[in-house]
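Visitor: Take a look at this one; I'll ask things after.
Coordinate-derived values only; no laboratory data. Here the structure is a predicted model, which means the values were calculated and not measured. Don't worry about glycine lacking a Cβ; one is built from the backbone with ideal geometry, like all the others, and counts go over all protein chains shown.
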Amino acid sequence: MTDFLLELRSEEIPARMQAGARTDLERLFREQMKAAGVEHGDVSVWSTPRRLALIAKAMPERTEAVSEEAKGPPEGAPDQAVDGFCNKNGVTRDQLEVRDVKGRPTYFAVKNIPGRDVKDVLAEAIPAIIRAFPWPKSMRWGDASISTESLRWVRPLSGIVAILGEDLVECEVHGVASGFATLGHRFHHPGEITIGGSDDYIEKLRACHVIVDHEERQGMVRQQAETAASAAGLNLVADEGLVIENAGLTEWPVPLLGRFDESYLDVPPEVIQLTARTNQKYFVCNDAAGKLANAFICTANITADDPAVIVDGNRKVLAARLSDARFFWEVDQKTKLAEHAKKLERITFHEKLGTVADKVQRIAKLARWLAEEGVVPGADPDMTEMAALLCKADLVTEMVGEFPELQGLMGGYYARAEGLPDAVADAIRDHYKPVGQGDDVPTAPVTVAVSLADKLDTLVGFFLIGEFPTGSKDPFALRRATLAIIALSASCHNLRLQKAISISVGTHLGEEIVADEFRQHFIIYACDFEWTEKLIAEARNIAENLSGQLAATRANWFYGLAKIPEFFADRLKVQQKEAGVRHDLIDAVFALGGEDDLVRLLARVKALQSFMETGDGTNLLAGYKRAANILKKEGFEGTDRIARTGEEDPLSLVDDPDVGSIVAERGKGGDYEREPAEQALVDALDKAEPAANAAIEDENFGSAMAALASLRVPIDTFFDDVTVNDENRMKRTARLALLARFVAAVHKVADFSRIEG
């Protein structure tokens, strides 16, 4: 066994492509070796700006001889079939073997493949790897580039080192032949280095100022940058992405600290950091008080005799960039945000949803409604509307035009500089949040109202025009918007999704649509998760039967809106599953239907999860399932109606032709004397049902679960002591009705039939 070294050297590889290139190099190498039947040990892959390197451990010197066989057509088959089989397997007719297969002579192609020198396998594999390399962007070069068949590579390929043990693996790609020689650092050691094998590769390059291991270079950048900042009494602003990028730009990283003019600190710190990071790949530092300091750290690719020269050159370049940023900052402030907002009429939000100015007007109406109705407690309606009208104004500023990442943030700065209330400035700044998993969720009332309105408007708008997420495609980030609405709902009170969507639809379609019959039909059912399939079916029916452009358009609106509850339900389930809630418990709550208050829904799911983790929950579930199975077996209908209508007498719902007479007999005193366990269950239900109902009404779902827990012992005793299917039809029917009442009581909290266990 021996080790194999491969180095592919080229002109500078972009830092952003190096991680993917490492992955692709290892994948392609493994694929080639597997196809050739070459077993090997661990594979290590590294990158620098000028090279990709791979070392594979424990490579054999030769592959094992193998025998392959393939079953072909039966003897006597047409010549065309036999010849095709021979051609496919690379054999001649006289090489075929005939074997008996289930009593029928059948041709077999048997090939004995001798072992090969692994060096020869590698000589074929290396060109194949290079030609198959999937660079995100690549180029052709030299005279051969006139042909589209010439090699494509990220930058001109200039060298190949391929050594198995101590032997050269001879190959050639695009006029570049493999060899033992590579190059060291471009400035510190521009001459050739002779590599003896994988054992001395890393250290020989280190001696020539090349750190091959990208992770080692990242560590150097991180540590030396922190040291440089600390030596100046500053704290480095951590930026792992910038650490990786600087390591990808250098083979011998040397972080150096410099200073820029303090006058630039008048510009918002995020602008300075983004300018330094995006344009120059510099780190920034904070002072002891946590404020941005007039310091930057650049990463040189050389150990300079006079580092101050390098620092001064970088300072001048950064100064030019910061001067541009300050110019944008000053120019933008000469125009009020309200004036900037007028320019939003020039920006199309979506061809079917109007301009960004149209969207802002819709957000303002919805946000004000959320504030006025108390859905977002503490949100001042006037401030909320002001923030909503200005929330997108910074999109047309010079600063955001240069740095789109600063949208919202710059609007907050401009609002504060203009003297607008802090609540308005904060809402403009944070209304895009949360933008992804792990992002901060706003809690300030005005911000919550504007953010919620923005995301509801986006969701409703795109569903209205039929732009639904499909599979992995979600071009308008509607899944993310829905999850953000769910997160924001924690700061809301009585957020009825049905009503909020209704108001949002009105802002899209106009007030006249809200009042029509079609609109009212939607309001009745929207967001009742149980009715989703019915809604969609009705929408399709309307679309098929209505005629005329307006009618068809309204049918399409209805169809789009009908899908929103289903979409919300799916997102809620995903969010809760990621939070560690069992999927069956989520289904048990959602199956109840009739609930579109997100806060209440999630509170009920949480309470159910806690309840089912107790012994009471487990045993009550067992009792429920036993009762439900008996009712199902006996064909006892009406459980769902009991749960929904709250009718007092379960017997009135028994699907029995003689129920009327039984009820009449009970009314005349024909009732029987209940057994003790039977009466105990009745008494327990008499207490538990109103207690659970009151708790649900007060949104105290924990207490509702506790009320149900009181039924655990009575139902267990009932099953132990009472014969449900008594020969006396009156007793049997009454006891089945009692079980139906028990099931109905449990259903008020959750559909226990959906719970596993």
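Visitor: Among Trp329, Gln218, Ala487, flag the residue with its Cα farthest along the positive direction of the charge dipole of the chain, charges on Cβ as +1 for Lys/Arg and -1 for Asp/Glu.
Guide: Final value for the positive-end residue is Trp329.
Visitor: Considering only DSSP beta bridges with both partners in the chain, what is the antiparallel share in %, to the nearest 5?
Guide: Values: 56 of 58 bridges.
Restricted to the chain, the bridges split so that about 95 percent are antiparallel.
Visitor: Please give every one of the aspartates and glutamates within straight-line cross-link reach of Lys455, meaning a C-alpha to C-alpha distance under 14 Å, and leave out same-chain neighbours fewer than 8 residues apart.
Guide: Candidates past the 8-residue exclusion: Asp430.
Visitor: Rounded to the nearest 20 Debye, what is the dipole magnitude of region 395-515 about its Cα centre when Lys and Arg each give +1 and Asp and Glu each give -1 at the C-beta? Can you show the working numbers first?
Guide: On the way: 9 positive and 15 negative charges, 102 e Å.
So the dipole magnitude of region 395-515 works out to roughly 480 debye.
Visitor: Provide the convex hull volume over Cα atoms per residue for the chain, in Å³. Could you put the intermediate results ahead of the total?
Guide: On the way: hull volume 236.2 nm³, N = 757.
So the per-residue Cα hull volume is 312 Å³.
Visitor: Within region 1-107, list the trypsin sites (Lys or Arg not before Pro) lying in a DSSP loop whose Cβ has at most 16 other Cβ atoms in a 10 Å radius. Mind dumping the intermediate values first?
Guide: Values: sites: Arg9, Arg16, Arg22, Arg27, Arg30, Lys34, Arg50, Arg51, Lys57, Arg62, Lys71, Lys88, Arg93, Arg99, Lys102; in loops: Arg50, Lys102.
In loop regions of region 1-107 (DSSP not H, G, I, E or B), the sparsely surrounded trypsin sites (Lys or Arg not before Pro) are Lys102.
Visitor: What distance in nm lies between label points placed 7 Å from Cα along the C-beta direction at Thr618 and Met1?
Guide: Between Thr618 and Met1, the label points sit 4.9 nm apart.
Visitor: If you don't mind, another one. Select from Ala622, Pro404, Ile202 the residue farthest towards the positive end of the dipole of the chain; place +1 on Cβ of Lys and Arg, -1 on Cβ of Asp and Glu, and compute about the Cα centre.
Guide: Selected residue: Pro404.
Visitor: By counting other Cβ atoms within 10 Å of each Cβ, how are Cys391, Cys492 ranked from fewest to most? Display every interim value, and only then the final one.
Guide: Numbers: Cys391 33, Cys492 23.
Listing Cys391, Cys492 from fewest to most nearby Cβ atoms yields Cys492, Cys391.
Visitor: If you average the alpha carbon positions of region 562-607 and of region 31-96, how far apart do those two centres end up, in angstrom?
Guide: That distance is 52 Å.
Visitor: Hey, another quick one. Do you know the relative contact order of the chain, to the nearest whole percent, from alpha carbon pairs under 8 angstrom that are 6+ apart? Don't jump to the answer; show the numbers that get you there.
Guide: Values: 1186 pairs, mean separation 52.6, N = 757.
Relative contact order of the chain: 7 percent.
Visitor: Right, next: What does the charge count around Glu61 come to, taking other residues whose C-beta lies under 13 Å from its C-beta (Lys +1, Arg +1, Asp -1, Glu -1)? Intermediate results must be reported in sequence, preceding the final value.
Guide: Working: positive: Arg62, Arg116, Lys119; negative: Asp3, Glu39, Glu64, Asp117, Asp120, Glu166, Asp167.
Net charge in that neighbourhood comes out at -4.
Visitor: Along its three principal axes, how long is region 214-333 when you only count alpha carbons? Whole Å, largest extent first please.
Guide: For region 214-333, the Cα extents along the three principal axes come out at 45, 28, 25 Å.
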